[in-house]
Amino acid sequence: MLTELEKMDKAISDPESGPYGGPVVAFGPPPSGLTWVQFHDIVQKWLIFHNTTFLVATAQSLRLPQEFNRLKTHILFIRTEWRDDNEGKVGKYFRLVDAKVMTIREAWIDPFLRLNVEAFLDTQRENDALDPLKGSTIGFFFQNLPLGQTQLQPFTSVQKSMISLMPMIDWESILRDRLERGIKF
C-alpha cells in the first residue's frame, strides 16, 4: 500500500492519480537528487521555519489591521521556486516568485484553486462554529515550483485585538527579503 507521498512520486507518470482523481500538476522533475517525497518534507520544514513571516505577510497583505473583515473575502496567493543556492539552510530552500491578494471569488473561479477555496471556507466555518470567541481563520494559498499544485496554509485563532495592534508595513518587500536571506520575521 502506497502512502500519499509515495503516490505523489508515482503521479508524474500516471496523470490521473492526483488528489480527488484529478491530475497532479508538475512543471518539471523534483530538484536534482530529491524524490517528490523528500521535496514534500523539505517544503513542510521550510513552511514551519517561516510560519511567523507568513502569518504577518498574510495579515498585512489583506490589510487586516485596518479592515479585519477582509479575512472573509480575500486570501493571499504565494508562488515560490526552489533555490539551488540554498546552502543547505532550511530558511533558504525557496525564493519568492510572486505574491498577490485575491478575492475568494477570483480564487473560486480558478479550477486549480477551487478545492483549496472549499477547504479554506470549510476551515473558517468549522472554527467559527466551534468557538467564535477563540478567533478567526486566515490563510494563504501556496504554490511551489516545480510542483505546480497549490496547498492551503491556514492560521486559526487569529484575534482582531491582536491584529489591530500591528502597524502597516510593506509586507511584500519584507516577505521577499526574509525568504531570500533565509531569516525569520
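Bear in mind that the values in this text are calculations on the coordinates, not laboratory data. All figures in this text were calculated on a predicted structure; none of them were measured in a lab. Don't worry about glycine lacking a Cβ; one is built from the backbone with ideal geometry, like all the others, and counts go over all protein chains shown.
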Which number gives the lysine pairs in the stretch 36-151 that have C-alpha atoms under 17 Å apart and are eight or more places apart or on different chains? 4
Sticking with the crude label model, points 7 Å out along Cα→Cβ, report the distance from Met162 to Leu133 in nm, one decimal please. 1.7
Residue separation times 0.36 nm, minus the C-alpha to C-alpha distance between Gln151 and Thr73: what's the value? 26.3 nm
Burial ordering of Lys92, Lys45, fewest other beta-carbon atoms within 10 Å first: Lys45, Lys92
Taking r as the C-beta separation of Thr35 and Arg114 and R0 as 22 Å, the FRET efficiency to the nearest 0.05 is 0.20
Full-stretch length increase - Ile183, Arg105 - with 0.36 nm per residue and alpha-carbon distance subtracted: 24.8 nm
